1. Which pairs turn up if I take residues in the stretch 80-94 that are in contact (Cβ under 8 Å) with a residue 60 or more places away in the chain and look for partners that are part of a helix (DSSP H, G or I) with beta carbon separation below 6 Å, at least 6 apart in sequence or on another chain?
2. Would you kindly identify the helices (runs of 4 or more DSSP H) lying entirely within the stretch 1-111 that contain at least 2 residues that are touching a Leu at 6+ places or on another chain (Cβ under 8 Å) and surrounded by 12 or more Cβ atoms within 10 Å (Cβ to Cβ)?
3. For the stretch 158-183, name all the residues that are β-branched (V, I, T) and either buried (at least 20 other Cβ atoms within 10 Å of the Cβ) or modelled with pLDDT under 95 (or both).
4. Given the conditions (1) buried (at least 16 other Cβ atoms within 10 Å of the Cβ); (2) over 15 Å from G72 (Cα atoms); (3) not aromatic (F, W, Y), report the number of the one that R131 does not fulfil.
5. Condition first: at positive phi and either more than 15 Å from the chain's Cα centre (by Cα) or modelled with pLDDT under 90 (or both). Can you find one or more residues in the stretch 123-146 that meet it?
6. In the stretch 27-63, which residues are of a type in the set (G, A, S) and at pLDDT 90 or above?
Amino acid sequence: MALPVLVLAVRWVMMIMGSDPRAVGLSAEPIDYTINYLGLWAIRFLILSLAITPLRTWARWSWLAPLRRPLGLWAFACALLHLSVYFLLDQLGSFSLLWESVAKHPFILLGMAAFTLLLPLALTSTRGAIRRIGARRWQALHRLVYLAAIFTAIHFILRVKGFQPEPWIYAGVAAVLLLVRALPTAWVRRA
């Protein structure tokens, strides 16, 4: 699961050591490329984590269960890196530049909202946190992932210029996964 971040890190090291950013796969705009790359992997990991329960239910692939938490944590890690690169490298760590960008591009606020929803999920992903919070409250808290997925999908759709199918495909997959969770479980198990 760390491979996408490792590949990105290797590309950055090669660029810092003098290679042309285009030659190492970072495009002519390495910061923009990195922001987009990390955001894309964040949504991929988020969707994969949401797919675990339906696959366990329908395909009876119980072996997938242990992957849900790591996938969710990788979604958070990529989102954290995505936001960090955006704030530190693109916005130069300036809150005034950040607020100007948010005013011009409201999709940034949706991305920050999604990240804010993922933060308590990452912080409470341990067994100890589940014991302290209680399983019922922990499950209720972790339902924030559904809202985070919606915000992430909208953030991605609004981020791209013009109509591009890729964000709509991710949004559609996320919508299907959320809809499947809303279906009565008796119907899901019979299918």
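1. Listed by first residue and then by second, the contacts come to L81/L38.
2. Numbers: elements: 3-16, 30-58, 68-85, 95-104.
Helices (runs of 4 or more DSSP H) meeting the threshold: 3-16, 30-58, 68-85.
3. At the first step, the residues of the stretch 158-183 found to be β-branched (V, I, T) are 160, 169, 173, 176, 180.
Of everything in the stretch 158-183, those that are β-branched (V, I, T) and either buried (at least 20 other Cβ atoms within 10 Å of the Cβ) or modelled with pLDDT under 95 (or both) turn out to be V160, V176, V180.
4. Single failed check for R131: (1).
5. Taking the stretch 123-146 first, the residues at positive phi are 134.
Filter once more, so that each one left must be either more than 15 Å from the chain's Cα centre (by Cα) or modelled with pLDDT under 90 (or both): 134.
Yes.
6. Going through the stretch 27-63, the residues of a type in the set (G, A, S) turn out to be 27-28, 39, 42, 49, 51, 59, 62.
If the condition is that a residue be of a type in the set (G, A, S) and at pLDDT 90 or above, then S27, A28, G39, A42, S49, A51 are the ones that fit.
The values are calculated or read from the model by the stated rules, or taken from the named source; none is laboratory data. Note that this is a predicted model, so its numbers are computed, not measured. Here Cβ is always computed from backbone atoms with ideal geometry, including for glycine, and neighbour counts include all displayed protein chains.
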